[in-house]
1. Scanning for something more than 16 Å from D118 (Cβ to Cβ), in a helix (DSSP H, G or I) and basic (K, R), does the range 63-70 turn up at least one residue?
2. Return yes or no: is R138 buried (at least 18 other Cβ atoms within 10 Å of the Cβ), farther than 24 Å from K16 by Cα and among the basic types (K, R)?
3. How many residues, within the range 110-121, are in a loop (DSSP other than H, G, I, E, B) and either closer than 12 Å to A133 by Cα or at pLDDT 85 or above (or both)?
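The values are calculated or read from the model by the stated rules, or taken from the named source; none is laboratory data. Treat the numbers as computed from the prediction; the structure is a model and nothing was measured. As a convention, Cβ positions derive from the backbone with ideal geometry for all residues, glycine included, and neighbour counts pool all protein chains shown.
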Amino acid sequence: MYKGKTHQEYHAEWYKKNKEKVAEKGKEKYELKKDEILAKNAENRKKDDYKEQRKEYDKKYNQTDNGKKTNKLKRWRAMGVKDDLDAWYDKWLNATNCEDCDCELTNGQYLKTKRCLDHDHKTGLVRGIVCSACNNKRG
């Protein structure tokens with residue numbers, strides 16, 4: 001049934017192929033229960049501990065792979081990046097060397113070898129995955 005793939009690999013591949021269908025189904029389900037969902041959300045926001053619960057939830061979510069990806073894509077959109085963000089995120093995640101100087105890329109803040117998505121500030125088009133030092137040189 002899975003053609004030599006694990007259950008997870010099969011479904012991840014299926015999801016990529018059917019991403020638009022899945023999104024459309026989600027929108028349809030939301031439309032059916034929209035009033036109920038909005039009323040429940042409004043009621044929850046009135047609770048005294050809502051803000052604290054929300055902060056705690058966000059903190060946990062931001063530590064997950066999906067949370068990290070969501071935050072990274074939000075920052076890239078805010079910078080004006082217009083390319084296919086999902087594809088660039090996968091490439092960014094798997095990049096091991098700078099495309100400019102070929103140094104080994106690392107994760108973390110304030111490092112010269114930190115992995116960066118280099119983009120043109122005027123057009124928003126991505127130029128490549130480079131280290132922080134090369135990204136600063138390019139401007």
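1. Among the residues of the range 63-70, at least one is more than 16 Å from D118 (Cβ to Cβ), in a helix (DSSP H, G or I) and basic (K, R), which makes the answer yes.
2. Judged against the criteria, R138 is not a match.
3. Qualifying residue count for the region: 4.
For (1) part of a helix (DSSP H, G or I); (2) of a type in the set (D, E), each residue gets a yes or a no:
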site: Y15; (1), (2): yes, no
site: E36; (1), (2): yes, yes
site: K40; (1), (2): yes, no
site: K51; (1), (2): yes, no
site: D58; (1), (2): yes, yes
site: R75; (1), (2): yes, no
site: D83; (1), (2): no, yes
